[in-house]
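Right, one structure below, let's go through it.
None of the figures in this text is laboratory data; all of them are computed from the coordinates on show. Just so you know, these numbers come straight off a predicted model, no measurement behind them. Here the Cβ positions follow ideal geometry from the backbone for every residue, glycine too, while neighbour counts run over all protein chains shown.
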Amino acid sequence: MQNDPFSASKVNGESAQTDYLRLFEAMPHPYLILKANESFTITAVNDRYLSATGTARAALPGHGLFEIFPGNPGGNGGIGVSELRTSLERVMRDRVQDIMGIQKYDIPRRDNSGGFDVKYWRPVNTPVFDAEGRVTRIIHHLEDITEFVLERERTSRENSEKAERVRERADHMEAEAMRLAHERREAAEREKKIMAEANRQLDEAYSRLKDIDRLKSMFIASMSHELRTPLNSIIGFSNVLVNEWAGPLNGEQRDNLAIIARAGKHLLGLINDVIDVSKIEAGKMDVHLEEFDLADVQRELYVMMGKDARDRGLSLNMEAPSRIMRADRQRLSQCLLNLISNSLKYTERGSVHVRALPPPKSENGGNGHLHIIVEDTGIGINNEDARNLFSPFVRFNSHLHSKEKGTGLGLYLAKKLAIQVLRGDLLYEPRSEGGSRFILAIPETIHESTGSLEIHATETATKPLTRV
Ligand SMILES: Nc1ncnc2c1ncn2[C@@H]1O[C@H](COP(=O)(O)OP(=O)(O)O)[C@@H](O)[C@H]1O
Ligand SMILES: [Mg+2]
């Protein structure tokens, strides 16, 4: 009974009905009471409904719902008519409440400004039953869910704004990353260019340096050559005088001339070394290949150095078995002469020993190197000094240093000759019993194909070999 205020009058009289009506009309939410017939005749409407829909009370009761609202009222959206009909029919058929989807239906402002307030509604249709359980009426109620919808919109807007901000940041970061990558690429590119330029300059400087070095060496070689001619005259003519071939000399004159001749020879030795060093460094060292017996070379060296050894009270031992070689005889002799004269200079007592060890048999047909060994019982060379032994202009401190003349070019030159002309090497090792041991390790036979980078040897029957 309470469900149907309009039948209450039958029970409680006029005043009760009026009370219910007033109550109904004062409801804060919009209500319509519809008859459960085909046209859903409106039987009651409350004030809130009228103000929400902008309709006058007089127009409504007794009319079918869809007569009053044939389409979307007010033109500002509205409750979907077909949805409403479906919902109402469902209520009648299924006899249960039906909650419709959200509807936007703005209501005219109360201030008569002609404007509308944004409103969202959720229509709810609820069946009203009679005593027999038949659906007699339907309460059509509009739930105001504006707050809820606006709040949801706001959150979703905020969320999408947040998402937008995140996306913007991501975009920004991506752009930044791309910019950095680009910068890095450009920097690498710049670095590459700088490096290439630096390399080019280095190459240029190197080739200029090589040119200058070659020029320097050539200059020294030709200058030295020019010096050699007058020096030979000085030596030759002082010898003529010393030997009194030009007439008798008194004792003082002879002594002085002997000093001139000695100094001249020393100077010639220096100049010859300097010429050889410059030639080797300029890659202009001539190579003369010939066949000879190593024993002959050793005999010649003995003739040259024997007297010096005797004068020093040293014994010079040569083991000179016959051994046929094919190499640059003069340069081999020069190397050995350097080694023997060093040994004589830096040995105060004992002996200097020269011997040749044949290449080890295992090395197939004598392709291994012949070892020509020059060793002495002299002052030796300490390990520290031995490291720089083959550097140019190096002479080591010892009590013999000032007594023995030298330029410090001898071993440097000998090593160069050993490697570049004789195609082997010159090595040093200290003797355990004291003194030094130099090993000239060279091939016995140099074939034309054994070319070195700097010097190319060719041979003709009569002409000396020259670099091409
Ligand atoms: N057999 C040796 N025993 C000891 N010291 C040596 C010997 N040979 C060379 N040296 C040391 O090596 C230095 C360099 O030798 P070298 O290049 O021939 O120059 P130089 O003979 O003109 O001094 C010598 O000054 C000397 O100190
Ligand atoms: Mg020397």
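Computed quantities for the displayed model
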item: Percent breakdown of C-alpha pair distances by 5 Å bin, ordered from the shortest bin, for segment 269-322; result: 4, 16, 14, 13, 18, 20, 12, 3, 0
item: Mean Cα-pair separation over length for the chain, i.e. relative contact order, pairs under 8 Å, 6 or more apart, %; result: 9 percent
item: For the chain, calculated [θ]222 nm from helices alone, where every DSSP H run of n ≥ 4 adds -39500 (n - 2.57); result: -16500 deg cm²/dmol
item: Under-5 Å amide H pairs with Ala36, H placed in peptide plane, nonlocal only; result: Arg137, Ile138
item: Percent antiparallel among DSSP beta bridges (both partners in segment 99-221, rounded to 5); result: 100 percent
item: Assigned charges on the beta-carbon of Lys, Arg, Asp, Glu; the chain dipole about Cα centre (debye); result: 1040 debye
item: Whole-Hz ³J(HN,Hα) from phi, Karplus 6.51 cos²θ - 1.76 cosθ + 1.60, for segment 258-263, glycine and proline x; result: 4, 4, 4, 5, 5, 4
item: Computed magnitude of the charge dipole of segment 285-443 (debye, nearest 20; Cβ of K, R +1, Cβ of D, E -1); result: 220 debye
item: Between helix 294-312 and the chain: long-axis angle, C-alpha atoms, 0 to 90°, nearest 10; result: 70 degrees
item: Alpha carbon Rg of the chain, scaled by the compact-globule rule 2.2 N^0.38 Å; result: 2.71
